[in-house]
Amino acid sequence: MKNILIVIGVVVLAAIAYWLMSERATAPTTEDATPDISVEEVDVVAESAAVPPSTTEVMPADTTAADNLESGDKGEATVKEFTLDSFNFGYSMDVIEVNEGDTVTINLTSSDGFHDWVVDEFDAATEKINVGEETSVTFVADAAGTYEFYCSVGSHRARGMVGTLIVN
């Protein structure tokens, strides 16, 4: 009987230690790395829908921008707007695709945990938010390439809270 009580005590202590070390014990910090960008004219706004966590979705270029390219209006950048939900160790979209020169707005919500959204190459980052909160960041995707976006809270990035931003 004494051995069973010792085993139960060790299991309870291990569970408490795990909980304390998880992101739930991370105290929010006030950081605003959101660039101050204003857009006077908006040509096109593409909005994403929430996607289940197990689904990878590539957000294609919107049809209006494609129509502009077909009509020969190649110098016109657009505004692309995406709404992503963050949850423990993932985002509702794993891949976001835009065109070079597009102004990109990321609207971030949190349905589970304390998170943010960051792309280092564009110096773009949202504020860190808790469950039920939302924040956004706007930046210009001015260099073609493939970039990683991630959550900078604790070990979230190392635990797989990443995605890909493709700039065509």
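Given a Förster distance of 25 angstrom, what is the FRET efficiency for Glu100 paired with Ala158, based on the Cβ-Cβ distance and rounded to 0.05? Computed FRET efficiency for Glu100 and Ala158 comes out at 0.25.
Applying 1/(1 + (r/R0)^6) with R0 = 41 Å to the Cβ-Cβ distance of Glu148 and Val11, what FRET efficiency is obtained, to the nearest 0.05? Each step should come with its number before you reach the end.
On the way: r = 37 Å, r/R0 = 0.91.
The pair Glu148/Val11 has a calculated efficiency of 0.65.
Label separation (Glu134 vs Phe87): 1.8 nm, computed from points 7 Å beyond Cα along the C-beta direction. In terms of other Cβ atoms within 10 Å, Val95, Val10 run from fewest to most in the order Val10, Val95.
Applying the Karplus relation 6.51 cos²θ - 1.76 cosθ + 1.60 with θ = phi - 60° to the range 115-120 yields 3J(HN,Hα) values of 9, 8, 9, 9, 10, 4 Hz, where x marks Gly and Pro. Note on Met1 and Asp112: with the Förster distance fixed at 41 Å, the Cβ-Cβ geometry gives a FRET efficiency of about 0.55.
Using θ = phi - 60° in the Karplus curve 6.51 cos²θ - 1.76 cosθ + 1.60, the 3J(HN,Hα) couplings for the range 134-149 round to 9, 8, 8, 9, 10, 8, 9, 7, 9, 9, 5, x, 10, 10, 8, 10 Hz; x is entered for Gly and Pro.
Every number here is computed from the coordinates shown, using simple stated rules; none is lab data. Computed from a prediction, not measured in an experiment: that's the story for all the values here. As a convention, Cβ positions derive from the backbone with ideal geometry for all residues, glycine included, and neighbour counts pool all protein chains shown.
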